[in-house]
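For reference, the structure discussed in these notes is given below.
None of the figures in this text is laboratory data; all of them are computed from the coordinates on show. Worth saying up front: this structure is predicted, and the values here are computed from it rather than measured. Here the Cβ is made from the backbone with ideal geometry for all residues, glycine too, and neighbour counts use every protein chain on show.
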Amino acid sequence: MVQNVRITGTGQLLELSRRLRAAGHENIRSSFARRIRRAAEPLQSDLQDTIRGLSIQSQARKAGSRGGRSPTTRPLRDSIAQAVRISVRVTGNPGAKVWLDRARLPPDIPMGVVNRLNEGRLRHPVFGNRRRWAQQTTTPLWWDKTVRAHQGRITREVERVTDDVRRRLE
């Protein structure tokens with residue numbers, strides 16, 4: 001189930017967070033947050049590109065069925081891509097979080113749609129008619145694979161930033 005992905009560190013980041021608070025250097029703290037955000041931004045843009053380019057195939061139409069344009073003018077994949085967000089914390093539970101903001105999704109796209117897309121299939125009523133259903137398929141685990149591809153790079157970058165800030169505090 002895709003809701004959010006957190007890239008955090010416990011020991012080093014918590015210890016560094018305490019030292020930042022004790023030192024009171026606001027410019028070091030903002031620089032630390034900015035650099036961690038910059039480390040997570042490629043993941044955000046890659047997730048957005050992946051969902052925008054995600055191929056969603058439908059089943060073949062049955063004899064006698066009619067087709068037509070979608071009743072919505074808003075594209076599904078672009079709406080989901082715009083909801084991918086980053087948040088960074090340097091106090092409390094420090095780290096970066098790349099997540100899908102439900103508040104930025106249109107009200108007619110429930111979170112379950114995104115979860116089903118990550119599973120590789122989407123079953124939905126045809127134009128809202130609950131007596132007729134369609135099934136569409138896509139590449140399974142697109143969110144998970146994209147995150148795994150970036151995880152090593154982000155971990156190395158956060159470790160590098162953490163070491164730099166620790167050296168500045170000593």
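Here are some notes:
- Computed FRET value (nearest 0.05) for residue 56 with residue 155, which takes r as the C-beta separation and R₀ as 25 Å: 0.20
- Neighbour net charge for residue 142 - beta-carbon separation under 13 angstrom, K R +1, D E -1: +2
- Segment 92-170, relative contact order [Cα under 8 Å, separation at least 6], %: 19
- Estimated FRET transfer efficiency (residue 130, residue 97; beta-carbon r; R0 30 Å; 0.05): 0.25
- Relative to the current alpha-carbon distance between residue 111 and residue 169, full extension at 0.36 nm per residue lengthens the span by 16.6 nm.
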